[in-house]
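The values are calculated or read from the model by the stated rules, or taken from the named source; none is laboratory data. Computed from a predicted model, the values in this text were never measured in an experiment. Positions of Cβ are backbone-derived with ideal geometry, glycine not excepted, and every protein chain shown enters the neighbour counts.
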Amino acid sequence: MTQPALARAEALDAADPLAAYRDRFVIADPETVYLDGNSLGRLPVATRERLRVAIDVEWGADLIDGWTRWIELGRQAGDVLAGLVGAGPGEVILSDSTSVNLYKLASAALAARPGRRVIVTDDDNFPTDRYVLAGLGPVRLVHSDVDAGVDTDAVVHALDDDVALVSLSHVAYRSGAVCDLPGITAAVHEAGALVLWDLCHSAGAVPVGLAAAGVDLAVGCTYKHLNAGPGAPAFLYVRRDLQPVLRQPIQGWFGQSDQFGMGTGYAPVDTIERFLVGTPPVLGGYAVLEGARLSAEAGIGAIARKGRALGAYLIELHDAWLAPLGFRLASPREDARRGAHVTLHHPDAWRICQALKAARVIPDHRVPDRLRLGLAPLYTRFVDVHIAMSRLRALVQAGRHREFPAERARVT
Ligand SMILES: Cc1ncc(COP(=O)(O)O)c(C=O)c1O
């Protein structure tokens, strides 16, 4: 470090083109450093206002007439999200949860590849992905290093004529490692299979480039970097040419043509609405719309650049202050290979996580011994990283984490 760390953080904040976006969020306790936006993003001010109107005016006064507007909400928010993940209008829609969307799209992909049964995923993919896929057919597990992420060659070696679907996370939930989405997508297509990407840690954090890579299918949540709030509806992407030909397994009335004709048989539409099931959560939908608009306004390129710069600064402080205290970087060091969080390994990570929360820095913990530090670019300052790392260094130096229980809590 050429400059004292705090002066460097202040200089980076002064030069940050996204600095003003912090004021667009509710910051209830300015003394607390929130580094968990990769689990649950902060509340945007615009969302609070939009939900007030939705509750007081649209639900409170308009009642059932609200549906004339609400019926389009999933598509409207989907079009904004499409811009963030490099898809076209009409290719993304809000629907259900990530887990349910993964089930629907994986099932549709398997049905579209008769004669092939195998699903390829990796052993460090997010648990819900592995469980959903295992419920659908024989799974071929590729090994991934928990810190380095998915190895393209290992995926390529797992491909053969039995593989119907490859399903992976673009940004790894534990380490933040970004995998080679274009390279893997091309290899999967070459092998005659379909690809389904989980974008939970990518959407609103890094560019994805779905159309440029020719991706078939994708799913993702909105409560992390899209700041749509707890339990907000997830999204799904289906490439336009696949929409009329895929058969989704949950035949609900929101996928039906002439929905209010109440016809006897199921005759799904040919558009992205084909992948809907039932009545959508409207309040959550408005929250996605506002959150996605905020990210779109800032621009995904600028967001990713800041996320990586925050990560590089954090790693610099880790090397100088924490490595001597027994920490080890558990994320890729190379900026282009990281999403918007950085993970540190320490044998006492769970107790350190609790002690850090008591010191008013909010990270999270992932098994077995990883401390995850989320660097949501729209509201995290370089100074926040400095404060968090200073408090972390001080508490570990003083051994204060040893005062906390070693047993894991229900939620980590
Ligand atoms: C990569 C990934 N996939 C899926 C999920 C969760 O999906 P759901 O919203 O259905 O619980 C998460 C949650 O953190 C995740 O990180």
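Here are the numbers:
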{"read-out": "Matching entry among Pro230, Pro244 (being out of contact with any helix residue (DSSP H, G or I) (no Cβ under 7 Å at 6 or more places or on another chain), within 16 Å of the ligand (Cβ to nearest atom) and not assigned by TED's automatic domain parsing to the domain that holds Pro332)", "value": "Pro230"}
{"read-out": "Extreme residue, surrounded by the fewest Cβ atoms within 10 Å (Cβ to Cβ), among residues of the range 21-39 that are among the small types (Gly, Ala, Ser) and within 16 Å of the ligand (Cβ to nearest atom)", "value": "Ser39"}
{"read-out": "Unmet requirement for Trp197, which otherwise passes all of (1) surrounded by fewer than 23 Cβ atoms within 10 Å (Cβ to Cβ); (2) within 11 Å of the ligand (Cβ to nearest atom); (3) aromatic (Phe, Trp, Tyr)", "value": "(1)"}
{"read-out": "Any hit, the range 74-81, residues being at pLDDT 95 or above, polar (S, T, N, Q) and within 18 Å of the chain's Cα centre (by Cα)", "value": "no"}
{"read-out": "Residue count for the range 380-405, restricted to those that are of a type in the set (Ser, Thr, Tyr) and buried (at least 22 other Cβ atoms within 10 Å of the Cβ)", "value": "1"}
{"read-out": "Residues being over 10 Å from Phe382 (Cα atoms), at pLDDT 95 or above and touching a helix residue (DSSP H, G or I) at 6+ places or on another chain (Cβ under 9 Å) - total across the range 1-18", "value": "2"}
{"read-out": "Val282 being touching a helix residue (DSSP H, G or I) at 6+ places or on another chain (Cβ under 6 Å), surrounded by 18 or more Cβ atoms within 10 Å (Cβ to Cβ) and over 18 Å from Ala82 (Cβ atoms)", "value": "yes"}
{"read-out": "First in the range 307-321 and in contact (Cβ under 8 Å) with a residue 40 or more places away in the chain and crowded, with 20+ Cβ neighbours inside 10 Å, second anywhere and among the basic types (Lys, Arg) and not in a helix (DSSP H, G or I), Cβ under 9 Å, 6 or more apart", "value": "Gly307/Arg338; Leu310/Arg381; Gly311/Arg338; His318/Arg328"}
